[in-house]
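What follows is calculated from the coordinates using simple rules that are stated; it is not laboratory data. Note that this is a predicted model, so its numbers are computed, not measured. We place every Cβ from the backbone using ideal geometry, glycine too, and count neighbours over all the protein chains shown.
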Amino acid sequence: ARFPVVVVGAGPAGLTVGNILRAAGVDCLVLETESRAFIEQRPRAGVIEEWAVRELERRGLAGGLPERAERHFACEFRFDGQGYRFDYTELTGRHHWVYPQPLLVTDLVREYADVRGGEIRFGVQDVRLHDLDSDRPAVSYTDPDTGERLLVHCDFVAGCDGARGASRAALPPRTRISRHDYGIGWLALLAEAPPSSDRVLFGMHADGFAGHMPRSAGMTRYYLQCPPGDDPEAWTHERVWDQLQRRLSAADRPPLTEGRLLEKRVLDMHTYVVEPMVSGRLFLAGDAAHLVAPIAAKGMNLALHDAFLLGDALAAYLAKGDAAGLDGYSDACLRRVWDYQEFSEWLSEIYHGASHGDPYRAGTALARLRRLFTSPAAAAAFAEQYLGTAEAY
Ligand code: RFL
């Protein structure tokens with residue numbers, strides 16, 4: 001078989017690239033290890049920045065987002081037993097969108113496969129990339145139904161298979177991969193409970209950070225800082241809610257609405273950036289190229305940013321012979337990647353400073369936090385980065 005582009009991975013990045021190629025009349029094949037039902041339900045991100053939503057809309061990819069997504073206008077920091085509301089919309093005129101990742105993925109698969117007629121194979125196994133330094137690369141995989149080994153030739157491979165995929169592993173050893181380990185774990189929780197506030201809450205506490213992120217009318221994401229590699233089973237229902245109530249308590253706010261915990265996993269806060277994001281005919285996008293800790297809710301936004309650039313660049317080259325987009329792809333992505341990495345690191349100190357057991361770091365973290373409420377310049381800088389660079393590119 002032969003396709004101009006093979007897209008490895010059907011997450012937000014891969015499906016967006018596929019959709020853009022189909023809109024430009026370029027054939028492609030998307031390969032995904034999981035089933036369609038699985039990717040349509042996998043809970044993850046929720047925050048999408050305004051520029052990304054505008055780009056999805058412009059490309060006919062917003063699906064149910066305009067009707068179902070919620071707009072957020074403020075977040076709230078809780079520390080020293082008080083709640084401090086931060087009105088970023090009042091400050092900037094801009095807002096955040098909350099649209100759960102599985103809904104976005106469901107929209108993008110439907111548009112790609114059912115509307116635009118794109119080819120996609122689910123449940124493939126043992127994906128391998130070949131001859132990436134030649135102008136005839138290929139991807140092989142095992143067909144889940146027949147067990148047969150299949151080889152697909154192509155002009156380009158879009159490596160969109162996330163943090164544990166085959167694409168990054170196919171990079172030559174000379175590739176630079178910068179890593180940073182925060183030395184912190186987050187217990188990521190999904191609670192079958194209505195949000196306890198209409199905004200995102202950040203709790204800074206000597207016991208550790210806690211976060212509250214509204215997802216939908218009956219679903220709330222919570223985070224609890226924990227040791228890296230901690231056992232999620234050690235976090236019983238009682239212990240989770242006790243710690244959440246404690247770390248997010250504020251004198252002038254009601255207690256959290258508790259509920260059944262549907263997801264409970266420990267995320268180790270570590271990050272990496274692959275530079276360049278290109279090797280021969282392989283172009284990486286999204287988590288395959290860079291992992292950003294969920295501290296600032298930036299991962300899916302970066303994945304979409306890469307995908308818009310890569311989809312356009314491949315379409316321009318394959319439909320019109322214009323190579324400028326592909327040549328500038330990695331640099332254009334990495335500017336935003338490093339910007340968001342830096343902001344996540346900056347924000348991490350605010351979240352975690354109080355719990356290191358180091359009074360010096362606790363003192364500077366508190367100063368950084370207070371400045372958001374005393375200095376208009378500091379508040380404006382935070383709001384700009386929290387909402388994400390406004391320009392699409
Ligand atoms: P994905 O979504 O991981 O998709 C990759 C796809 O590739 C498949 N795959 C393979 N396919 C073929 N061959 C292989 N060898 C393969 N190996 C894997 C996988 O099954 C999958 O379908 O990567 P993509 O498209 O780059 O998208 C990245 C985002 O998913 C990620 O950055 C965000 O989820 C990060 N993130 C958040 N980002 C935000 O912008 N805002 C948030 O609020 C936010 N919250 C989060 C998050 C990530 C979390 N976790 C679980 C790490 C909250 C959590 C808890």
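Label-to-label distance, Arg59 versus Leu91, with points set 7 angstrom from Cα along the beta-carbon direction: 3.0 nm. Result for the chain in a Gaussian network model with C-alpha springs under 10 Å: among Arg368, Arg174, Arg110, the largest mean-square fluctuation is at Arg174. If the chain linking Val115 and Ser134 were pulled fully straight, counting 0.36 nm for each residue of separation and taking away their Cα-Cα distance, it would gain 3.5 nm. A crude spin-label estimate for the pair Asp339 and His270, with each label 7 Å from Cα along the Cβ direction, gives 2.8 nm. Put in line by how crowded their Cβ is, counting other Cβ atoms within 10 Å and starting with the fewest, Thr389, Thr364 read Thr364, Thr389. For region 157-169, the Karplus equation 6.51 cos²θ - 1.76 cosθ + 1.60, evaluated at θ = phi - 60°, returns couplings of 10, 9, x, 10, 9, x, 5, 10, x, 8, 5, 4, 5 Hz by residue, with Gly and Pro reported as x. Computed from the Cα positions only, the extents of the chain along the three principal axes stand at 64, 44, 43 Å, in decreasing order.
The calculated P(r) of region 223-375, using every Cα pair and 5 Å bins from 0, goes 2, 8, 13, 14, 15, 13, 12, 9, 7, 5, 3, 1, 0 in percent. Ordering 226-232, 126-132 by mean Cβ neighbour count within 10 Å, with the highest value first, yields 126-132, 226-232.
Farthest towards the positive end of the charge dipole of the chain, among the residues Phe283, Thr89, Ala45, is the Cα of Thr89, using unit charges on the Cβ of Lys, Arg, Asp and Glu.
Centre-to-centre separation between the Cα atoms of region 17-59 and those of region 213-227: 24 Å. The convex hull of the Cα atoms of region 318-393, projected and averaged over all directions, covers 6.9 nm².
Taken over region 195-249, the convex hull of the Cα atoms encloses 87 Å³ per residue. Helical content alone sets the calculated 222 nm signal of the chain at -10500 deg cm²/dmol, taking -39,500 (n - 2.57) per DSSP H segment of four or more residues and averaging over every residue.
With the convex hull constructed from alpha-carbon coordinates only, region 128-227 shows a mean projected area of 11.3 nm² over all directions. Shape analysis of region 183-304 based on the Cα gyration tensor places the equivalent ellipsoid semi-axes at 31, 16, 13 Å, largest first.
A simple rule links phi to the HN-Hα coupling: the Karplus curve 6.51 cos²θ - 1.76 cosθ + 1.60 with θ = phi - 60°, which for region 284-294 gives 8, 9, x, 4, 4, 9, 7, 10, 10, 4, x Hz, with x for Gly and Pro. The stretch between Asp252 and Glu349, if pulled fully straight at 0.36 nm per residue, gains 32.4 nm over its current Cα-Cα span.
Kirkwood's formula applied to the C-alpha pairs of region 1-74 gives a hydrodynamic radius of 14.1 angstrom.
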